[in-house]
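J.: I'd like to ask you about the structure that follows.
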Amino acid sequence: MPGNHSNTSSNDFQHHCTILTLYSNPPAAMAFNLSKPNRKIQAGVILTKGVTEMLDVAPFEFFGWTDETACRVMNLPEEMWKDAIDIELHWVSEDGKPVQMKSAAQIEPTDSFASCPPLDIALMGASVGHKTSDAEIAFIRKVYDQCSAFLTICGGVMPPLEAGILAGKTATGPRLVIGALRERAPAVNWVETRWAHDGKLWTSSSLLNGTDMMRAFVEATWGGKSGMFEALLDIGGFPARDVDFKDFKGHHYPMEKLEF
């Protein structure tokens, strides 16, 4: 759940931390306006060759329920339909081959890195026990530079960290390893929250906190208007919990040490 690099040596991680401090985003064209799209939005999950946690990528399903057909299926008031948007969904891996889920299922990608169109929205979940490859890092950088929103859930924050795009930004990750991340990657302003937002970057804490982040992202991007998106979030049970865990009733188990 926390990290996706259990078989990565400290030297490998230190190498990527050096990249973190050196890499800077090249000048990008004006970002596509997600709030007022003038074309179909392209959204995709970036899958590595590791084992992906299904709960991390499950919130992506929301983007399949934003068109007029969904409004009809959900019996939403007709006055809401005018705010419906079309989103084309992509599941992307380096070679387009099936990717293993932690729960023993497999995801059949729709695209390879080569065939994937430019993404407006990208999402990444944790890849357990996987060292992010050079090809994956290059693709993550490319997508980040081109997209309007880059979302990570749980340990999905690790590949973008290695790619250097988190330097100087505020981010969160699995709550139990925030202390270790602060120690090992001090170029990032790590916060212990359910989710964090910095520009186009949205990050969340462990697993189901990704549903909180998705609600926050959707409300910030498409909220208000007719209330269509809020209605869809409510129907789907996307929670609006306290971002600082003030309503958390369980026990917090921080990891004293984490090997990357």
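Read-outs: derived from the displayed coordinates by stated rules, not from any lab. All of these numbers come straight from a predicted model, not from anything done at the bench. Neighbour counts are summed over all protein chains in view; Cβ atoms, including those assigned to glycine, are modelled from backbone coordinates with ideal geometry.
J.: Give the distance, in whole Å, between the Cα centre of region 85-161 and the Cα centre of region 209-235.
T.: 22 Å
J.: Here are labelled values, (i) 13.8; (ii) 14.9; (iii) 19.2, and one is the computed mean projected area of the Cα convex hull in nm² for what I pasted. Which one?
T.: (i)
J.: Determine ³J(HN,Hα), in whole Hz, for all residues of region 161-176 in sequence, where each value follows from phi through the Karplus function 6.51 cos²θ - 1.76 cosθ + 1.60 and θ = phi - 60°; x replaces Gly and Pro.
T.: Residue by residue, region 161-176 yields 4, 5, 6, x, 8, 9, 4, x, 10, 8, 8, 10, x, x, 4, 5 Hz.
J.: Report the convex hull volume per residue for region 82-233, counting only C-alpha atoms, in Å³.
T.: On the way: hull volume 19.1 nm³, N = 152.
It comes to 126 Å³ per residue, whole-number rounded.
J.: Could you please rank 182, 39, 141, placing first whichever residue has the fewest other Cβ atoms within 10 Å of its Cβ?
T.: Values: 182 14, 39 9, 141 18.
Arranged by neighbour count, lowest to highest, 182, 39, 141 become 39, 182, 141.
J.: While we're on this one: With an 8 Å Cα cut-off and a minimum separation of 6 or more residues, compute the relative contact order for the chain in percent. Write out the running numbers ahead of the final one.
T.: Numbers: 539 pairs, mean separation 62.9, N = 260.
The value is 24 percent.
J.: A further question follows. Counting only C-alpha contacts under 8 Å and six or more residues apart, can you give the relative contact order of region 150-247 as a whole percent?
T.: RCO, region 150-247: 26 percent.
J.: Another one. Pop the C-beta distance of residue 170 and residue 245 into the FRET formula with R0 = 22 Å and round what comes out to the nearest 0.05. Let's see the in-between values first.
T.: On the way: r = 17 Å, r/R0 = 0.75.
FRET efficiency, residue 170 to residue 245: 0.85.
J.: Among 188, 92, 73, whose mean-square fluctuation peaks in a Gaussian network model of the chain (Cα, cutoff 10 Å)?
T.: Result for the chain, Cα springs under 10 Å: 73 fluctuates most.
J.: What does the helix-only formula give at 222 nm for the chain: each DSSP H stretch with n ≥ 4 adding -39500 (n - 2.57), the total divided by the residues, and the result rounded to the nearest 500 deg cm²/dmol? Walk me through the intermediate numbers first.
T.: Values: 8 runs with 71 residues, N = 260.
It comes out at -7500 deg cm²/dmol, rounded to the nearest 500.
J.: What residues qualify as long-range amide H neighbours of residue 245, i.e. H under 5 Å apart, gap of 5 or more or another chain, H built at 1.01 Å from N?
T.: Excluding prolines and chain starts, which carry no amide H, the hits are 194.
J.: Turning to a different aspect of this structure: Springs between alpha-carbon atoms under 10 Å, Gaussian network over the chain: tell me which of 205, 226, 93 tops the mean-square fluctuations.
T.: 226
J.: Taking H placed 1.01 Å from N in the peptide plane, check which residues at least 5 places from residue 207 or on another chain put their amide H under 5 Å from its amide H.
T.: For residue 207, whose amide H was placed from the backbone, the distant partners under 5 Å are 154, 155.
J.: Given the pairs 200/225; 142/200; 40/142, which are separated by over 18 angstrom at their Cα positions? Please report the intermediate quantities before stating the final value.
T.: On the way: 200/225 22 Å; 142/200 14 Å; 40/142 20 Å.
Distance filter (> 18 Å) returns 200/225; 40/142.
J.: Also: Would you calculate the separation in nanometres between label points at residue 112 and residue 225, each defined as 7 Å from the Cα along the Cα-to-beta-carbon direction?
T.: For residue 112 paired with residue 225, the spin-label model returns 3.6 nm.
J.: Just for the chain, what percent of DSSP beta bridges are antiparallel, to the closest 5?
T.: Values: 8 of 29 bridges.
The antiparallel proportion sits near 30 percent.
J.: How big is the charge dipole of the chain about its Cα centre, in debye rounded to the nearest 20, if each Lys and Arg gets +1 on its Cβ and each Asp and Glu gets -1 on its Cβ? Spell out each step's value before the answer.
T.: On the way: 23 positive and 32 negative charges, 85 e Å.
Magnitude of the dipole: close to 400 debye.
J.: Using a 7 Å offset from the Cα along the Cα-to-Cβ direction at both residue 138 and residue 183, what is the distance between the two label points in nm, to one decimal?
T.: About 3.5 nm, to one decimal.
J.: Compute the signed sum of charges (Lys and Arg +1, Asp and Glu -1) over the other residues within less than 14 Å, Cβ to Cβ, of residue 242.
T.: Details: positive: 175, 194, 215, 241, 246, 249; negative: 192, 212, 244, 247.
Neighbourhood net charge equals +2.
J.: Let me ask you something else. Springs between alpha-carbon atoms under 10 Å, Gaussian network over the chain: tell me which of 193, 221, 48 tops the mean-square fluctuations.
T.: Looking only at 193, 221, 48, the largest GNM fluctuation is found for 221.
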